[in-house]
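Each remark here refers to the structure printed beneath this line.
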Amino acid sequence: MIEILGMEFFCYHRDRVDSAALRDELIEEHWSYMDRYAAELIARGPTFVRGTETASGSVHIVDLPDLATARAFVFDEPNYQAGIYRDVLLRRWRNVLGRTMWDFPGGREGGNRYLVLGLGSGPAVDLVPPPGHEGHEGHEGREGHEGRDGLIAYGPLLSDDGTRWLGTALLIRATDPEAARTVLTVDRYADIEVHDWEFGGRR
């Protein structure tokens, strides 16, 4: 059994193709909705089609009382209600770094930032980041690779009851997508997705 502290959730809404115009139209409604959860948000921000400014989804990591509240948070969101998203991933999560993205030492600007989403099953791996990857710049990572520092958020994906490991989700500043990917024990996952990502919220 995996022990968890609190009730944290990782939410990833994936955009429907050709929904960009509607997303732009509803941006104020989306921001106003998220304003209601300002105290509960651990991290947030859009993902993008690689190398473009076209949004491909939205990440929200949030601390809420229970699963029912988390489901309401996800499915009442204006973009979801309007049909912008094609699907939603909602999983229990554990905030290994113990802070929000606003506490990230590197700030909200500069460098390449990524969402890394590793999906797996079986024995848990990567419950904590490798040494030297707690979000501080200037450390050399596992196997000497560059680009593994700069963790913004990190934690395991868990079953609804919090007892079963289902993968790992992290936000990171890294040199490139491959450097971001290799923070994880790659051969222990069925699939690892790496998405361009940036800090979200009002500009």
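Quick note: the coordinates plus some simple rules give every number you see, no bench work behind them. Being a predicted model, the structure only gives us computed values, none of them experimental. Because the Cβ atoms are built from the backbone with ideal geometry, glycine has one as well, and the counts that use them run over all protein chains shown.
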*If you check every pair at least six apart or on different chains, which have Cβ atoms under 7 Å apart with a residue in segment 174-199 that is in contact (Cβ under 8 Å) with a residue 40 or more places away in the chain first and a residue that is assigned to a loop (DSSP other than H, G, I, E, B) and among the acidic types (Asp, Glu) second?*
Thr175/Glu146; Leu184/Asp126; Thr185/Asp126
*With respect to Thr52, determine if the residue is more than 30 Å from Pro123 (Cβ to Cβ) and of a type in the set (Val, Ile, Thr).*
yes
_For segment 51-102: of the residues being in a loop (DSSP other than H, G, I, E, B) and among the small types (Gly, Ala, Ser), which is surrounded by the fewest Cβ atoms within 10 Å (Cβ to Cβ)?_
Gly51
*Give segment 158-203 a look and list any residue that's part of a strand (DSSP E or B), more than 17 Å from Val128 (Cβ to Cβ) and among the hydrophobic types (A, V, I, L, M, F, W, C), or say none.*
Ala174, Ile192, Val194, Trp197
_Those residues of segment 53-68 which are aliphatic (A, V, I, L, M) and over 18 Å from the mean Cα position of the chain (by Cα), in sequence order_ = Ala68
